[in-house]
Amino acid sequence: MQNRIGIVLFWVLLCAHALHAQSVRKYSNEFLKIGVGARAAAMGNAMTGITDDVTSGYWNPAGLALGPQAPEVSLMHSEYFAGIAKYDYVGFAMPVGGRRRFGVSVVRLGVDDIPNTLNLVDPNGNIDFGRVETFSVADLAVLLSVAQRVDVLGGLDIGANFKVVNRSVGKFANAWGFGLDVGARWDKGPFQAGLMFSDITSTFNAWTFNTETFEQTFVQTGNVIPENSLEITLPSVRMGAGYTFMQDKVVEVLVSVDNDIHFDGKRNVIANLGPVSFDPHMGVEIGYRKLAFLRGGFKNLQQVVNDKGKMAYSVFPSVGAGFRLKNFQVDYSLSNVGNFSTTLYSHVFSLKYTFKSNR
């Protein structure tokens, strides 16, 4: 026990030293805040307290313990900015004994086929389009999740993620990062609640720049040559709750509310308390015989300056639908309904398949 305590104290001191020695980046690893699954997208990403399937590895790993006693797989694809950026997700979960489940989630946000014009002009000063190459800018994360039912409070589940992050800018720069998330979820009848601590030990991305690929051009154009550095993602908290009206009836109505809390400085959200920012969002799901669903929600509630120079509220609403057919579930979401936000609308599709249980 003393050895374990010593290891924990050493890790805490190491993290504290790294935080002191390196600069903390605001909006670091933000691609992991976009969300996965069309169901979540339609419900304003208010999933922390109600998640109970393979996507729990992303939203709150504790929710994996509520999944079926059979393997599950989920796929999602969406595009942003007229198809320039592509966002993909694949998740897998399976029971590993009792109420313990294991999951793997892979998330990628990327912009591909970007022209590299650094060598557009040949040594003789001639423009040669044959010298133009393409590269990708991509953020990739792999989450390894485990969840377990705990025999306290009548319905408590706990879970954790170990995540590996890789971020690349073609052959010019590359970063590797590692982090840890922990979560809890309580389920009692029609009421559910969840708590998720993301990057609980802070996530450290070590950036390496291949300066030989661009140094000459940067010197000629007067740009600053970047140096290898450590990017730090501070911990954040997601908390949520849900309530199901008319539970187990022909028609059920689920209302879910979440609040994301960040500690990396004032963000452009609805409420701030010094360096602490609060980002509420919610969703509603109407289900018919647990086979067909209509959904709606909102997120990104912000105060912005309108075209008249006055403060106004901006919101990102969404709607969606889903249905189950035997072991398949198909979900769809349309975001930014009615153009309430300056962000363009997007379509999100996701598919989930549950294998037959051996029991």
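Derivation of every value follows stated rules applied to the coordinates shown; laboratory data play no part. Keep in mind that this is a model prediction, so the values were computed, not measured. As a convention, Cβ positions derive from the backbone with ideal geometry for all residues, glycine included, and neighbour counts pool all protein chains shown.
What does the extension gain come out to for VAL132 and VAL276, with contour length at 0.36 nm per residue minus their alpha carbon separation?
Value of the extension gain: 47.3 nm.
Only helical DSSP H runs with n ≥ 4 go in: add -39500 (n - 2.57) per run for the chain, normalise by residue count and round the 222 nm mean residue ellipticity to 500 deg cm²/dmol.
Mean residue ellipticity at 222 nm (helix-derived): -3000 deg cm²/dmol.
Note down the nm distance, to one decimal, between modelled labels 7 Å out along Cα→Cβ at VAL24 and at THR217.
3.5
Amide H to amide H, which residues 5 or more places from SER346 or on other chains are under 5 Å from it, using H placed in the peptide plane?
Those lying under 5 Å, H to H, from SER346 are SER335.
Among the lysines, which have Cα under 19 Å from the Cα of LYS266 when same-chain residues fewer than 8 positions away are ignored?
Cα-Cα hits under 19 Å: LYS26, LYS33, LYS299.
Mind listing the phi-derived Karplus ³J(HN,Hα) values for region 317-332, rounded to whole Hz, using 6.51, -1.76 and 1.60 with θ = phi - 60°, and x for any glycine or proline?
x, 8, 9, x, 8, x, 8, 10, 9, 6, 8, 9, 9, 10, 10, 9
How do MET239, MET47 line up, fewest other C-beta atoms within 10 Å first?
In order of increasing Cβ crowding within 10 Å: MET239, MET47.
Taking the alpha-carbon centroid of each part, what is the distance from region 269-303 to region 178-242 in angstrom?
Here the two parts' Cα centres lie 22 Å apart.
How high is the FRET efficiency between VAL224 and TYR80 when r is their beta carbon distance and R₀ equals 22 Å, given to the nearest 0.05?
Efficiency, rounded to the nearest 0.05: 0.15.
Using a Gaussian network model of the chain with C-alpha springs under 10 Å, which one of MET43, MET311, MET196 is most mobile by mean-square fluctuation?
Result for the chain, Cα springs under 10 Å: MET311 fluctuates most.
On a full-extension model of 0.36 nm per residue, what is the gain between ASP248 and ASP88, subtracting their alpha-carbon distance, rounded to one decimal in nm?
54.3 nm
Return the distance in nm (one decimal) between the two label points of a simple spin-label model at ASP307 and VAL106, each offset 7 Å from Cα along Cα→Cβ.
Simple spin-label model gives 4.4 nm for this pair.
DSSP loop trypsin sites (Lys or Arg not before Pro) in region 192-270 with at most 14 other Cβ atoms within 10 Å of their Cβ, which ones?
LYS249, LYS266
Among (1) 35, 24, 20; (2) 37, 26, 22; (3) 37, 20, 20, which is the computed semi-axes √(5λ) of the Cα gyration tensor in Å?
Evaluating semi-axes √(5λ) of the Cα gyration tensor in Å on these atoms matches (2).
Give, as ranges by residue number, the residues of region 191-223 whose backbone N falls under 12 Å from the point 7 Å along Cα→Cβ of ASN119.
So the set is 213-214.
Using Cα atoms only, what is the angle between the long axis of helix 2-21 and the major principal axis of the chain, expressed in degrees (0 to 90) to the nearest 10?
That works out to roughly 40 degrees.
What chymotrypsin sites (Phe, Trp or Tyr not before Pro) does region 24-109 have in DSSP loop regions with at most 12 other beta carbons within 10 Å?
Listed in order of number, the matching sites are TYR27, PHE81.
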